[in-house]
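Just so it is clear, none of the values below were taken in a lab; they were calculated from the coordinates. Note that the coordinates shown come from a computational prediction; the quantities given were computed from them, not determined experimentally. Reconstructed Cβ throughout: ideal geometry from the backbone, glycine too, with neighbour counts over all protein chains shown.
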Amino acid sequence: MYRLFSEHTLRPVVSLNGLWDMEINEKHYPMLIPGVWERIPELRSYRGMAEFTRTVSIDEAGMYLLRFGGVSHTATVYWDGEEVGRHYNAYTAFEVLLENVAAGEHTLRVTVDNRYETGKPLHVPNDYYTYGGLNRPVELHRLSCARIRRMQFSCAQTGEGAYTAGVEVFLQALADCGAMQVHAAVAGGEAAADVPAMKKGTEVSVTLTMDVTGVKPWDIGRGNLYDLTATLLAGSSPIDDLVDRVGFRTLDWKGQRILLNGREIFVKGFNRHEDHGQFGSALSLDAMMDDLHLMLSTGANSVRTCHYPNDPRFLDLCDALGVLVWEENHARAIDIHPENFGEVCAIVNEEMVTQHYNHPSIWVWGILNECESETEFGREVYRRQLEQLRRLDPTRPTTFASCRFFTDVCMDLPDVCAFNIYPLWYHNEPADDYAKRIADFMDSAGAAGKPIIFSEFGAGGIAGYHDPFGRAKWSEERQADILDAQLRAIMGMERVSGAYIWQFADVRVAEEWAYSRPKTMNNKGVFDQFRRPKLAYQKVMERFRDR
Ligand code: ADA
């Protein structure tokens, strides 16, 4: 399934997950989709192109839509040999419209490329691995003459368990359409609106509001969710629908504190890459759920989707378990100067926000982890992207994680200010002194009056390497000592509103990083790549209970 629930009860949808043929250098492999080719032993380190092919049976001629949850990292889509779509970036979904499809058997082929290329500025040899494949689910939708493209849910509290719910429904005409009606329902509330005739290819959005009562709010550890349904009718006949799962909660970040449902919160949790020793970046649903249980077992209440938008099924699980999410665009310490950088980021930002807008778990949008926030050029890039996020979603705060220690010139731009720090790992200044110096710098540089967060801190520990006496760097003992000291320092600072440990589990990194990353892994996980806990796990549990 693409999500944890069916998004359509009316629109016919078939899953295209399962076995595909994968061809690499004239050799054919059966591949389970979602999946990445690094799962096949001889392709463990293959970087290049692959052709993914399967047959699709169409019972009824008409208009169809292919939906790809994510292709890593460049996709070209062919339908019966003809190019019908392209997409760049592994971590956001895309769609391909197919007009006038005849009944019968068709061939769907996707050329996938995971090489680092000029003109593709987001995927570079980095401190994580960019796998190759169709790493998220694939679906085929049968469409009618008009469709609901998406909807955006928002709510304002009017009393105890009472809210005004707003739904903006985005419609697209696939043929010339007469007047229609759109109907929405959530938590016992209902509303309808007329839609004037639309010409083929045009789009409109319609906003509906409903007053609802008796609602249980969404909160940390309380994933109270409600089905939001939109139906499009032509005359009295329903022609399309869309279902999402939403939560009712309020979020406020105007002072130094983050308020969820009017209550001050401290966000604590992990940075988590979509990476697993068994699955690469295409984690199974069970593995995603297990990750969340492991995180929750430490007392965490939040996860940061470093450094890209995540699989919507993981976000669905966070919604259901009441786990707060910092979701960020795809950029880890990369060059922001390529000519098309702004354009590519703007596309990913828009895809991220419009695709994930309705997840109640997402509390903040992040951009540009550890990029150039110390120059005037960088400031302009940050400013533009933060403004774009605010335009796309005024209901959530914005942030970015900086590492421009004492030189950052962008702290006044986001709503929540964040720094990644590694005292006792990359340098020897005591954790409490350093965290305090950075917090004071943040305040002096523009963060005063805003929430501040330590978005990364941690230390390397090679799973199974023990040195109880010498406590050498890379031993599990030393990792536990450092994390303990960092956590004591950060969790004890009244001024700070959140802490994200770097990182949840060890991840594979690009070969170019091998010399500072033993085993070609980033070994700062509290768990190893197969989720076996290291010594630091116990310390995290103890410290997360402090606040
Ligand atoms: C940075 C970066 C992470 C990771 C980390 C580390 O802060 O944001 O992606 O590379 O450092 O392990 O050094």
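Key figures
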{"quantity": "Percent of beta bridges antiparallel (DSSP, the range 396-525, rounded to nearest 5)", "calculated": "15 percent"}
{"quantity": "Helix-only CD estimate at 222 nm, as mean residue ellipticity for the chain, using -39500 (n - 2.57) per DSSP H run (n ≥ 4)", "calculated": "-5500 deg cm²/dmol"}
{"quantity": "The range 193-258: Cα Rg divided by the 2.2 N^0.38 Å rule of thumb", "calculated": "1.59"}
{"quantity": "Rounded if a/c under 1.5, otherwise prolate or oblate - the chain, Cα gyration tensor axes", "calculated": "oblate"}
{"quantity": "E429 versus E117: modelled label distance in nm, points set 7 Å from Cα along the beta carbon direction", "calculated": "4.3 nm"}
{"quantity": "Efficiency of FRET between E203 and A179 - r from beta-carbon atoms, R0 22 angstrom, step 0.05", "calculated": "0.85"}
{"quantity": "Computed magnitude of the charge dipole of the chain (debye, nearest 20; Cβ of K, R +1, Cβ of D, E -1)", "calculated": "1160 debye"}
{"quantity": "Karplus (6.51, -1.76, 1.60) ³J(HN,Hα), θ = phi - 60°, over the range 523-532, in Hz, Gly and Pro reported as x", "calculated": "8, 8, x, 6, 10, 7, 5, 9, 6, 7"}
{"quantity": "D194, D219 arranged by Cβ crowding within 10 Å, fewest neighbours leading", "calculated": "D194, D219"}
{"quantity": "Signed unit charges on C-beta, dipole axis of the chain, positive-most listed residue P137, G214, V110", "calculated": "G214"}
{"quantity": "Length added when fully stretched, L233-A61, from 0.36 nm per residue minus Cα-Cα", "calculated": "59.8 nm"}
{"quantity": "Convex hull volume of the range 146-246 per residue (C-alpha atoms, cubic angstrom)", "calculated": "85 Å³"}
{"quantity": "Size of the range 13-143 as Cα extents on the principal axes (Å, biggest first)", "calculated": "46, 29, 22"}
{"quantity": "Estimated inter-spin distance, R39 and R471, nm [label 7 Å along Cα→Cβ]", "calculated": "4.2 nm"}
{"quantity": "Relative packing of 139-146, 439-446, which averages over residues the other C-beta atoms within 10 Å, highest first", "calculated": "139-146, 439-446"}
{"quantity": "Residue order, fewest to most beta carbons within 10 Å, for W363, W425", "calculated": "W425, W363"}
{"quantity": "Exceeding the 29 Å Cα-Cα cut-off - candidates K436/K539; K450/K519; K27/K524; K120/K534; K254/K534", "calculated": "K450/K519; K27/K524; K120/K534; K254/K534"}
{"quantity": "At 1.306 mPa s and 10 °C, Stokes D of the range 486-547 from Kirkwood alpha-carbon radius, µm² per second", "calculated": "122 µm²/s"}
{"quantity": "Residue order, fewest to most beta carbons within 10 Å, for V526, V101, V348", "calculated": "V101, V348, V526"}
{"quantity": "Share antiparallel - DSSP beta bridges, the chain, percent rounded to 5", "calculated": "75 percent"}
{"quantity": "For the range 90-167, alpha-carbon Rg relative to the globular expectation (2.2 N^0.38 Å, N residues)", "calculated": "1.76"}
{"quantity": "Leading residue at positive end of dipole, the range 146-246 (Cβ point charges), from L174, Y226, S205", "calculated": "L174"}
{"quantity": "Cα-Cα P(r), the range 330-486, percent of pairs per 10 Å interval", "calculated": "10, 34, 30, 20, 6, 0"}
{"quantity": "About the Cα centre, charge dipole magnitude for the range 43-145 (Lys/Arg +1, Asp/Glu -1 at Cβ), debye", "calculated": "480 debye"}
{"quantity": "Estimated FRET transfer efficiency when R0 is 25 angstrom, pair E26-E82 (beta carbons, to 0.05)", "calculated": "0.65"}
{"quantity": "Note, ³J(HN,Hα) from phi for the range 448-463, Karplus 6.51, -1.76, 1.60, rounded to Hz, x at Gly and Pro", "calculated": "3, x, 10, x, 10, 9, 9, 8, 8, 6, x, 7, x, x, 7, 4"}
{"quantity": "Debye, to nearest 20: dipole size of the range 266-330, +1 on Lys, Arg Cβ, -1 on Asp, Glu Cβ", "calculated": "240 debye"}
{"quantity": "Extension gain (nm, one decimal) between K436 and L296, 0.36 nm per residue minus Cα-Cα", "calculated": "47.6 nm"}
{"quantity": "Global geometry of the range 268-397, whether rounded, prolate or oblate, following the gyration tensor of its Cα atoms and the 1.5 cut on a/c", "calculated": "prolate"}
{"quantity": "Descending semi-axes in whole angstrom, ellipsoid equivalent of the range 264-545, from the Cα gyration tensor", "calculated": "27, 22, 19"}
